[in-house]
Each structure stands twice: as structure tokens, then as C-alpha cells.
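Notes for the one structure printed next.
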Amino acid sequence: MRPMRLVCCAAGFTAVALSCAPVFASEWGDSLRQPPARNVPRNTISAVSISDPVAVDLVLKMLAAQRTLAYTGVQTTTLYTTSGTTTTSEQSITRNGLQGMRMDYLSPESLAGERRGDNGRFLWHYVPNRKQVEQLPSAIGRLRSEANRAATAVRRAEIGVKVISDDTVAGRRATIVQASPTAIGNAGSRRFWIDPTNGAQLRIIVYRPDGSPVSDSYFTQISYNPQFEPTVFEPPSDTVIVPRRVDRPFKSVKQIPPGIVPSLKFDPVEPSYLPAGFRFDTAQMFDYKGNPALGVRYGNGLTVMSIYEAPAPAAGTASRYKVSRPGMLTGVIGGIKIVLLANIETNELIRVFQSLR
């Protein structure tokens, strides 16, 4: 099974700062391998076990700004693979806190002209050569909840934060803060460049547990508190709306109504082991090759772990797995195909998989 692809972890659009929660979509856009926009060295600073009070205040200010700050800007995002290849895109970002968001791709050529937005009623994706808009449920409510959970995790010291140094991003002074789970070694860290005047997140680097970068997203231009056109967060009016089926989320795998479980064509499994700090977030059905499948999300305020389940009768019932790449494990359990995604250590991925029941 190929899970729904991570569209982007652009700091200004889909990400609540600590969870860096992406909006998932299937076959949304293409990518182009390019040289990285910046050279991002490995993170050699050890995990933060005791938080710096100044850093705590800055991170809480950043999370509050995610809810309320309005801005426009241009942002560059680079994704790094473990093999050394990169994917870089440039996008125009328009955001009005958690009331409306929009991303317009400027490059690469294969993505230029595509737009993604969320008006609080629904999330939309516009592809110009198709003259159509794919529509999904709004992610704003989920982002608000994740921001609250992240703030709680910082206050409880479940996420350690530390001021590293000062820098300048897009002409703005920024304080660099590193965040990592206090359960050391369970997940990669993040580094934020925060405007101390208003909490704006000007740059974010996500690191793997081994210190290598996963992504780097930073503004090259940014303006605060702009005046927005009334329709800025709406899809283009001269397009066809194509709703994508996404069933309502459930509060736990066990709470999926009995009448729905048979439509899955398998009995869903869930882990009896979770890495320290991880908690259940949501379970949601979606279409996979014409059949209902299940996606389950867990989080620790810093990292999201996703488990995708789909029927695989031809694969047999024997339990087996392979680590496809760092942060991704695929396997089969009792005729169910599993894809497990999380920016955590490989031994933790394996332990989660082996606990699925």
C-alpha cells in the first residue's frame, strides 16, 4: 500500500509549529529533484532534557501566533532524503491565523500555478491544467487542537526547548530554539527561528533521530498584518469542485461502529506499545484502490506517527515487515497490509509494529 503522500511541511501553511502536521492528500502534485536551497548541517546538539524558561516563553508565543497572526510572504522548502537527493519548492504563503490559509506554488515548473487553501469550511487544491479543485474537510480545527496539545506538552516539559542563538531571516531578527522530546532518543528534534516581537515562525528545520535533516522551510520575504481580499482563501470560481471522500474521524479504533467494521473487510489492529509521550489522536477511513482503508494518527506534541491499514488477502496471514527507509516501515499482519510512518528511531518503529494486535 502506498499511503497518502505528505504534501508539504511548509511552516507557514499546514504546520502547527511543534507537530509540523502536514495536510495529507493522494497524488497532489509532482516533485522535482534539485540542489538544496541551503546547506543544512547535521544537528549535533544533544536532545534537550531540561527546558530553558526563555525558550518556553518563546515557543508558547509562537504557538499562540499560529492561531492569530496574519501575514503574507514567500517561502522556500527543501526535503532531504537519506540517499542525499533533495526536492525544493518555492511558494507564496497567505495566512490569517487559524481563520484562513493559502499556498501558491511558484516553483518548480511541475508545481508552478498550483494552489492549496483552507477557508475553515473545507480544504481545497487547485490544479490549473485540470481546471478543477479537489476538496477535503478543513484541517483548521485539527491544527487548533494540535497547537493546544503542543503547548501543554511544552508546559509539562514533555518537550524540552532551549535557546541556541540569534539569526536573521527575511530581514527579521530571529531567536533559534531547539525542541526535542524529553524521552531522549524517541524522535528527531526540530529547530525554530522565532520572531521575538510577535512569535512568527520564520524558519523550521526538522531532523531525524540521527541528526540528519528531513526538511528545511524558511521565509525569504514576509509582511505582517496585511489587508486581505474577501475571497483570498476561496478556490478559483471558474473551476469544477471535485469532493474527495474522507469519512468522519473516530475517537479511537475501538469506537468505530460495528456496522462500519465489516466494510473495512478486515478487523483493524492497534498498537499495545507506544513510544514515551505518544497518545492517540484520530482514526479515519479513506479509499484505497476502491476499498475502504483506515488511517490512525498518534502524536507526542512534536512528532506525528501514522499507521495505515488496508486489506491484503493475497499476502497471507504470516506477520512480516521491512524497514523501507528511515521513518517508514511496511509489513503484513494477519492479511492486513500496514504502513507505519514516524520520525522516530527504527527500533521504536519495529517495536510499535510488533505490538499491533
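The values are calculated or read from the model by the stated rules, or taken from the named source; none is laboratory data. Since the model is a prediction, treat every value here as computed from it, not as a measurement. Positions of Cβ are backbone-derived with ideal geometry, glycine not excepted, and every protein chain shown enters the neighbour counts.
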Of everything in region 217-254, what is modelled with pLDDT under 80 and part of a loop (DSSP other than H, G, I, E, B)? Give them in sequence order. ARG244, ARG245, ASP247, ARG248, PRO249, LYS251, SER252
Of the residues in region 91-135, how many are in a strand (DSSP E or B) and small (Gly, Ala, Ser)? 4
Within region 168-186, considering residues that are closer than 26 Å to VAL352 by Cα, aliphatic (A, V, I, L, M) and surrounded by fewer than 22 Cβ atoms within 10 Å (Cβ to Cβ), the one modelled with the lowest pLDDT: ILE184
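Here's the yes/no breakdown for (1) within 19 Å of the chain's Cα centre (by Cα); (2) not charged (D, E, K, R):
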{"residue": "THR85", "(1), (2)": "no, yes"}
{"residue": "ARG102", "(1), (2)": "yes, no"}
{"residue": "GLY117", "(1), (2)": "yes, yes"}
{"residue": "ARG121", "(1), (2)": "no, no"}
Is it the case that some residue within region 117-140 is out of contact with any Phe, Trp or Tyr (no Cβ under 7 Å at 6 or more places or on another chain), at pLDDT 95 or above and among the aromatic types (Phe, Trp, Tyr)? no
Hey, SER165 hits all of (1) crowded, with 20+ Cβ neighbours inside 10 Å; (2) among the small types (Gly, Ala, Ser); (3) within 21 Å of ASP195 (Cα to Cα) but one; which does it fall short on? (1)
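How many of the residues making up region 328-357 are basic (Lys, Arg) and free of Cβ contacts under 8 Å to residues at least 24 places away in the same chain?
Qualifying residue count for the region: 0.
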Considering region 301-327, residues that are of a type in the set (S, T, N, Q) and in contact (Cβ under 8 Å) with a residue 60 or more places away in the chain, and then whichever is farthest from PRO268 (Cα to Cα), we arrive at THR303
Checking the conditions here, which among VAL214, VAL154 is within 29 Å of LEU274 (Cα to Cα), aliphatic (A, V, I, L, M) and in a strand (DSSP E or B)? VAL214
